[in-house]
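Working notes for the structure below.
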Amino acid sequence: MATEPRIAFIGAGSTVFMKNIVGDILQRPALADAHFALMDIDPGRLDESALVAGKIISTLKTGATVSTHTDRREALSGADFVIVAFQIGGYDPCTITDFEIPRSFGLRQTIADTLGVGGIMRGLRTVPHLWAVCEDILAVCPDALMLQYVNPMAINTWAIEARYPQIKQVGLCHSVQGTAEELAHDLDLDVNTLKYRVGGINHMAFFLELEERRADGSTRDLYPELHRAYAEGRAPKPNRMQPRCENRVRYEMLNRLGYFVTESSEHFSEYVPYFIKDGRPDLIEKFQVPLDEYPKRCIEQVEAWNAQAQDFRDAETIEVEASHEYASEIINAMWTDSPAVIYGNTRNAGYISNLPEGCAVEVPCLVDANGVQPTAIGDLPKQLVGLIRTNISVQEMTVEALITENREHIYHAAMLDPHTAAELDLDQIWALTDALIAGHGEWLPDWCHGPAKAIAA
């Protein structure tokens, strides 16, 4: 084994995200001399990321090194860890298409990157590229661990496992730790005092246990206080990260289901049929649902990046703060054999016993020199399982479409989506799917544009 880890970063032109991950890694002493092989298809963005990475190394005074690559296999060669973070089709044109065409049919969305017709399309255009990365990994670094940060997370994780089960992979999101921080904020607690157990699927996992660790070693169940805070109007507090997005949907679901979900209200509102309805502006107002939120964020992020990029270029040093991403924790745990627990997305091999075998679940994972090892949750409460299965059905049909290259299953995925089905009839769903496939053009695999295959009985 090499004395220092080689970390390939595929999609390194996502400079801000790359900065956070590299900064996290280099603050761990055992990883301070790591080599980062940065790869992106955009040479300009790649150069900017290399500049930022170099200034982080200089700021932290580590022995880390950086190489840049536009050839993916070259970047992956000999890698111990592979971080994947890309968005196929970007904001323009693909995100615009994912919003504008459904809106023309009367179907309104908030984020559209995980489920719904936007999530389905994103999965169709993303998975083939992830499969290509898998082919390259098997060719030049078969023992590497893939840390997959790409949405739609569950569809991607499921599809990789289905076609390349030999790939070592974990899907990573920040919704669990991010939600823990939000709950601590709402309850005026230090997040480090929280003790919790979470299980479900990405963007629809639930805090099965939520407690406060007291100074004397005892614990206090926080769910009664969470219910009281919502009933008395003390929670949710204003959203510090997304001021437009009040967190009312999740608290309403807590009232109905008894458990708090891990994904934001703006995401969750489009995963279920209850909050966005034609002719019901009262619901939008009551729950403060931010329609068309993701396009707004994309525009703001581009503007912010243009200003930030110049600051990075001008700065001699770059301030490095710890993020709440899991990548550095995983790499450090495996490299040093120092056990850590993270929440990861993986194939369900009985980890959640009343969800389908083989679907992608989000569960606690032990990480050490043996790799990422998911742990068993057991059965989820029945009401949670019922809701989660509505999302799994969409994921399953999207993966089936990709695996079988059967266009007809794209329509099946759309008709099974809870929000889409609540708003549109079957003829509208078929017409919308046709329009989205045509609108995305070459961003989708060729088979999406062909006739539907006959489905075996």
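The values are calculated or read from the model by the stated rules, or taken from the named source; none is laboratory data. These numbers were taken from a predicted model, which means no experiment stands behind them. Note that we place each Cβ from the backbone using ideal geometry, even for glycine, and neighbour counts take in every protein chain shown.
Tabulated data for the structure shown
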{"quantity": "Residue in the range 279-286 that is surrounded by 15 or more Cβ atoms within 10 Å (Cβ to Cβ) and either closer than 22 Å to F207 by Cα or under 19 Å from the mean Cα position of the chain (by Cα) (or both) present", "calculated": "no"}
{"quantity": "Helices (runs of 4 or more DSSP H) within the range 54-162 that include 1 or more residues without any contact (Cβ under 8 Å) to a residue 60 or more places away in the chain and within 21 Å of M18 (Cα to Cα)", "calculated": "72-76, 116-140"}
{"quantity": "Qualifying residues in the range 168-201 (those that are in a helix (DSSP H, G or I) and of a type in the set (S, T, N, Q)) - the one nearest to R240 (Cα to Cα)", "calculated": "T179"}
{"quantity": "Subset tally (residues that are within 29 Å of the chain's Cα centre (by Cα), exposed (fewer than 12 other Cβ atoms within 10 Å of the Cβ) and hydrophobic (A, V, I, L, M, F, W, C)) for the range 214-243", "calculated": "1"}
{"quantity": "Residues (surrounded by fewer than 16 Cβ atoms within 10 Å (Cβ to Cβ) and over 25 Å from the mean Cα position of the chain (by Cα)) located in the range 55-70", "calculated": "S58, K61, G63, T65, S67"}
{"quantity": "Residue in the range 8-21 that is modelled with pLDDT of 95 or more, assigned to a helix (DSSP H, G or I), more than 30 Å from A307 (Cβ to Cβ) and out of contact with any Phe, Trp or Tyr (no Cβ under 6 Å at 6 or more places or on another chain) present", "calculated": "no"}
{"quantity": "Some residue of the range 89-107 being farther than 30 Å from T420 by Cβ and at pLDDT 95 or above", "calculated": "no"}
{"quantity": "Single match in I96, I88 (criterion: of a type outside the set (D, E, K, R), over 20 Å from N345 (Cβ atoms) and surrounded by fewer than 24 Cβ atoms within 10 Å (Cβ to Cβ))", "calculated": "I96"}
{"quantity": "Count of residues meeting criterion [within 19 Å of the chain's Cα centre (by Cα), over 22 Å from I120 (Cα atoms) and not aliphatic (A, V, I, L, M)] in the range 369-418", "calculated": "1"}
{"quantity": "Condition met for N345 (surrounded by fewer than 18 Cβ atoms within 10 Å (Cβ to Cβ), closer than 11 Å to G200 by Cα, touching a helix residue (DSSP H, G or I) at 6+ places or on another chain (Cβ under 7 Å) and not hydrophobic (A, V, I, L, M, F, W, C))", "calculated": "no"}
{"quantity": "Which numbered condition L208 fails, given (1) modelled with pLDDT of 95 or more; (2) more than 22 Å from the chain's Cα centre (by Cα)", "calculated": "(2)"}
{"quantity": "Selected residue (criterion: nearest to Y251 (Cα to Cα)) from residues of the range 175-205 that are of a type in the set (D, E, K, R) and under 18 Å from the mean Cα position of the chain (by Cα)", "calculated": "E182"}
{"quantity": "Residue within the range 257-270 that is under 25 Å from T193 (Cβ atoms), surrounded by 22 or more Cβ atoms within 10 Å (Cβ to Cβ) and of a type in the set (D, E, K, R) present", "calculated": "yes"}
{"quantity": "Matching residues, the range 100-112, being within 22 Å of V302 (Cα to Cα), surrounded by 23 or more Cβ atoms within 10 Å (Cβ to Cβ) and not hydroxyl-bearing (S, T, Y)", "calculated": "Q109, I111, A112"}
{"quantity": "Residues located in the range 203-214, provided they are in contact with a Ser or Thr (Cβ under 9 Å, 6 or more places away or on another chain) and either part of a strand (DSSP E or B) or farther than 16 Å from Y259 by Cβ (or both)", "calculated": "M204, A205, F206, F207, E211, E212, R213, R214"}
{"quantity": "Criterion (surrounded by fewer than 18 Cβ atoms within 10 Å (Cβ to Cβ) and under 27 Å from P281 (Cα atoms)) met by exactly one of D379, D446, D434, D427", "calculated": "D427"}
{"quantity": "Hits in the range 160-181 - residues which are out of contact with any strand residue (DSSP E or B) (no Cβ under 9 Å at 6 or more places or on another chain) and more than 15 Å from S323 (Cα to Cα)", "calculated": "R163, Y164, Q166"}
{"quantity": "Test: residue in the range 11-33 that is under 25 Å from D446 (Cβ atoms) and buried (at least 21 other Cβ atoms within 10 Å of the Cβ)", "calculated": "yes"}
{"quantity": "Members of the range 208-223 found to be out of contact with any helix residue (DSSP H, G or I) (no Cβ under 8 Å at 6 or more places or on another chain) and either closer than 26 Å to H267 by Cβ or in contact (Cβ under 8 Å) with a residue 60 or more places away in the chain (or both), listed by number", "calculated": "L208, E209, E211, Y223"}
{"quantity": "Contacts under 8 angstrom Cβ, first residue in the range 364-380 being over 12 Å from L145 (Cβ atoms) and without any contact (Cβ under 8 Å) to a residue 24 or more places away in the chain, partner outside any strand (DSSP E or B) and among the aliphatic types (A, V, I, L, M), 6 or more apart", "calculated": "none"}
